[in-house]
Structures are given as C-alpha cells and as structure tokens.
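The values are calculated or read from the model by the stated rules, or taken from the named source; none is laboratory data. Treat the numbers as computed from the prediction; the structure is a model and nothing was measured. Cβ placement follows ideal geometry from the backbone for every residue including glycine, while neighbour counts extend to all protein chains displayed. Accessible surface is based on the protein model in full, side chains and every heavy atom, while ligands, DNA and RNA are left aside. Shrake-Rupley method; radii C 1.70, N 1.55, O 1.52, S 1.80 Å.
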Amino acid sequence: MVEKKLAFKLAAMGFLIALLMIALSSIGRLVVERQARRDAVIQDIAQSSSSQQQLTGPILIVPYEKTVREWRENDRGDRHLEERRLTGQLHFLPESLQLEGNVRTERRARGIYEARLYHANLRIKAAFAVPFHYGVDLDFAAYRFGTPFVAVGVTDIRGIESPLRATLDNVPLPLLPGTATARLAAGLHADVPLIGPDPAHLQLIIELPLLGTSEFHIVPVGRETQVNLTSNWPHPSFTGDFLPVERKIDANGFNAHWATSFFSTNLEELQHRCDDNDQASCAEFTAHRLGVSFIDPVDQYLKTDRGIKYALLFITLTFAGFFLFDVLKKLPVYPIQYGLVGAGLALFYLLLLSLSEHVGFGMAYFLSSAGCVGLITFYVSYVLKSLARGLGFGSGLAVLYGCLFGLLTADDYALLMGSLLLFALLAAVMVLTRNVNWSNLGARETPDA
C-alpha cells in the first residue's frame with residue numbers, strides 16, 4: 001500500500017511537470033513571436049529612414065574605349081583586318097585612406113518597440129597615385145580615355161545627409177548622385193577632369209554626414225587604411241573581419257581605432273578579380289569590412305528565452321522541496337497543490353515577458369519574481385500549516401530566482417554558476433535526507449501545529 005501511494009504521487013508529479021512544460025513551450029513560442037514582431041518594427045523603421053550602412057571607397061575610376069584589331073580569315077581563306085571597340089573602366093584604389101567619424105545615436109520608437117539610429121559625421125581623406133599612362137603602357141595608343149571620376153559606395157543612399165562637401169587638392173569638387181560604375185551599386189561620385197595619362201598624386205577629402213540603423217561598416221580600400229570612430233553609445237559590438245587595434249569604452253561612449261594594409265585585406269588582388277558584368281565576382285571584395293554594431297546590451301526576449309530553459313530545473317526543485325516536507329515533516333502535499341504552485345512558477349515567465357516590454361528586463365524580473373514568490377509563500381504557508389515553513393520555502397525560492405538572474409546576466413560565467421548551483425542543491429538534498437528511512441515513507445505522524 002505504501003509503495004502504491006508513493007508510486008502514485010511520483011507519477012502525478014511527473015504528469016504535472018509534463019503539463020507545465022507544455023505550457024512553458026507555448027510561452028516560448030510567444031517569446032519568438034514577440035521577438036519577430038520587434039524585429040519587423042525595427043526593419044519598418046529602417047525602411048522609412050535608413051537601414052544599415054556600408055561605406056566602400058573612394059575609388060578612382062577611368063573609363064576607356066579600346067580599339068582591338070585582329071586578322072581574320074573568311075571561308076575562302078582570304079585574310080582581312082577586323083576592328084572592334086571595347087569599353088571598360090580602370091580602377092585605382094587609394095594609396096592611403098584615413099576616415100574620422102563621430103557617431104551620435106538616437107532612439108526612435110513605434111509603439112512599445114524602439115530602433116537605434118545613428119548620425120555619423122564622416123571625414124574621408126584619400127591619397128591616389130595615378131600611374132603613367134594609367135598603367136597600360138604597352139597598348140596605350142589603342143586606348144581612348146574618358147573623364148576620370150571618384151566613386152564612393154553607400155549601401156542606402158537615403159541616409160546621405162547634408163551638408164555634403166568634397167575637395168580635390170584643396171579645390172572644391174561637386175558631388176553627383178550615383179556611382180557611375182557597376183562595381184558599386186549605390187552611392188555618389190565626382191568627376192576629376194584635371195588629371196590625364198601623366199603620373200599624378202591626388203588628395204581627396206570628402207565630408208559625408210550619414211544616417212543609418214543599428215550597424216555601420218567600412219570596406220578598408222586603402223593600401224594603408226586608418227579609421228577612427230568615436231560615439232556616445234557605451235555598448236558597441238565590433239564586427240567584421242578586422243577588430244580595432246585600440247579601443248576605449250566607458251559610460252560616456254567609445255573610441256576605436258582600426259589600421260589595415262593590403263597585406264591583411266588582399267583587396268587589391270580581389271579588385272582585379274572583379275568583373276563589372278558579373279556582380280557575384282565582386283562580392284568578396286565588398287565582404288572584407290570592419291565596423292561596429294550599436295547593440296542593446298539587454299535583449300529581454302533572449303534573456304526570457306534563456307530563462308525558460310531553466311524552468312524544468314525550477315519546477316523540479318520546487319516539487320522536490322514539497323516532497324522533502326512530505327518526507328521529513330510528515331506533512332501531506334496533494335497533487336493539486338503541486339499543480340497550483342507549478343502554475344505560479346510558469347506564470348512568472350509570462351509576467352516577465354509582458355512586463356519587460358514596458359519597464360525593462362531588470363525591473364520586470366524583480367516585479368515578476370517578487371509577485372510569484374509572494375503568492376507562493378502565502379499559499380504554501382497554509383499548505384504546510386505554518387507561517388515559518390511558508391517563509392522558509394519562499395526564502396529558498398527567492399534565492400533560486402536570484403541565482404537565475406545571475407545566470408541570465410553573467411554570460412561568461414553562466415556555466416560555472418549553474419554547475420556550482422546544482423552541486424550545492426544536490427549536497428543540500430543529500431544532507432537533509434541522510435537519515436530518511438525510504439522503506440517506511442507511508443507511515444504518518446500527527447503533523448506539528
């Protein structure tokens with residue numbers, strides 16, 4: 001009879017845990033839905049303002065028309081000279097590229113969701129070395145060159161703000177929309193009519209104010225590239241193929257410095273592989289980049305989802321606590337009481353999700369955990385027929401919620417903290433049950449008042 005009662009209680013606990021995990025999986029799907037809704041709103045804000053930006057260039061481009069003469073034979077074996085004209089562009093990357101930028105972030109809200117936009121005031125300084133005869137000495141007579149120009153690729157041209165200025169060797173240079181080259185999809189360009197096939201050194205300066213959303217990237221096209229960015233955002237995530245060689249981050253923002261060369265980027269070789277008639281061949285050229293993401297350090301949906309992954313541990317430990325009172329204090333706890341307490345634990349995650357969208361994750365966690373701990377403490381005080389026991393049970397639950405918060409906020413030490421917590425809990429259970437006669441669990445004594 002004793003074994004049947006114990007088996008029934010354990011089976012009921014397992015069944016309740018399975019039901020609660022089904023409910024928690026529904027909450028998990030709701031987290032995914034709300035996160036997708038948030039991302040869609042951010043994308044919608046970007047569509048109505050400006051999306052992520054990537055800056056490529058400046059690149060010096062020289063259009064040309066080349067006359068090609070070839071001897072051909074007809075069907076009768078007669079030879080004749082055939083002349084064709086080919087058009088194309090010569091591309092020259094800068095010898096040195098220096099970019100200075102001050103990036104100011106702002107929040108734009110739509111309903112309860114927010115997107116982070118930035119205003120980047122950029123100063124681009126590029127030095128070009130134009131080779132003799134544009135580097136085509138052998139066939140120079142066959143070429144006819146057009147007006148050279150410099151082009152800068154900008155991912156989303158809606159983000160180009162004003163005033164927009166450029167100078168070439170200290171002479172004002174009018175900037176025109178579009179890149180005038182298939183190699184750069186969108187951006188701006190400026191004609192450079194002052195140079196010819198003779199060797200030349202050019203100093204180009206562009207002041208470019210740029211609006212974007214979430215992320216900013218730069219393709220370091222210079223033989224030597226130096227990038228300095230400062231911002232008021234204190235939580236940057238540096239992305240791309242090249243990390244800053246120097247960086248300083250504090251509560252007032254960050255300052256980062258990048259330095260690259262052709263030896264590390266290989267962009268000169270990748271540029272020669274580009275075919276203007278095949279955009280896919282240039283994808284690797286524009287994929288080598290450096291940049292920064294203006295991330296939110298507290299993603300409530302990610303942390304809520306991570307918290308749900310610990311729900312099975314929470315429910316099992318709570319039910320184990322009830323079971324220990326049943327074993328150690330001979331206080332009967334019925335399946336319906338297990339179920340109600342488990343429902344309170346599951347409701348915590350729904351409260352956390354809904355509150356975090358309005359008051360932030362930290363405050364939402366405090367309010368949700370305080371409400372659930374208070375409710376369960378009140379209920380357990382009557383189940384265990386003692387206010388002291390109820391307060392003790394609630395205190396233990398509060399400690400568990402505190403440990404969970406530490407696990408969710410300490411990414412680097414989450415595994416270590418979780419392992420130590422499980423070890424401590426196992427040790428506590430073993431100590432508390434060291435004198436239990438497991439073969440006589442059905443024997444009941446009159447509960448303490």
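Of the candidates Leu347, Leu351, the single residue that is over 24 Å from Ala388 (Cβ atoms), among the aliphatic types (A, V, I, L, M), assigned to a helix (DSSP H, G or I) and in contact with a Gly (Cβ under 7 Å, 6 or more places away or on another chain) is Leu351. Just one of (1) over 30 Å from Leu347 (Cα atoms); (2) open to solvent by 40 Å² or more (accessible area, probe 1.4 Å) fails for Thr265. It is (2).
Scanning the range 80-101 finds no residues that are over 25 Å from Asn228 (Cα atoms), in contact with a helix residue (DSSP H, G or I) (Cβ under 9 Å, 6 or more places away or on another chain) and either open to solvent by 80 Å² or more (accessible area, probe 1.4 Å) or among the aromatic types (Phe, Trp, Tyr) (or both). Might you let me know whether the range 312-331 holds any residue that is within 30 Å of Thr213 (Cα to Cα) and surrounded by 21 or more Cβ atoms within 10 Å (Cβ to Cβ)? There is no residue in the range 312-331 that is within 30 Å of Thr213 (Cα to Cα) and surrounded by 21 or more Cβ atoms within 10 Å (Cβ to Cβ). For Ala370, state whether it is of a type outside the set (S, T, N, Q), modelled with pLDDT of 90 or more and touching an Asp or Glu at 6+ places or on another chain (Cβ under 9 Å). Answer is no for this residue. Candidates are the residues of the range 207-232 that are open to solvent by 20 Å² or more (accessible area, probe 1.4 Å) and part of a strand (DSSP E or B); the one that is nearest to Asp44 (Cα to Cα) is Glu215. Of all positions in the range 233-256, none carries a residue that is open to solvent by less than 60 Å² (accessible area, probe 1.4 Å), assigned to a helix (DSSP H, G or I) and either touching a residue at least 60 places away in the same chain (Cβ under 8 Å) or not polar (S, T, N, Q) (or both). Can you name the residue in the range 382-408 that is in contact (Cβ under 8 Å) with a residue 60 or more places away in the chain and open to solvent by 30 Å² or more (accessible area, probe 1.4 Å) and, of all such residues, is nearest to Gly307 (Cα to Cα)? Per the stated criteria, the residue is Gly396. Within the range 18-58, the set of residues being open to solvent by less than 30 Å² (accessible area, probe 1.4 Å) and out of contact with any strand residue (DSSP E or B) (no Cβ under 9 Å at 6 or more places or on another chain) comprises Leu20, Leu24, Ile27, Gly28, Val31. Taken together, the residues in the range 358-375 that are touching a residue at least 40 places away in the same chain (Cβ under 8 Å) and crowded, with 19+ Cβ neighbours inside 10 Å amount to 3.
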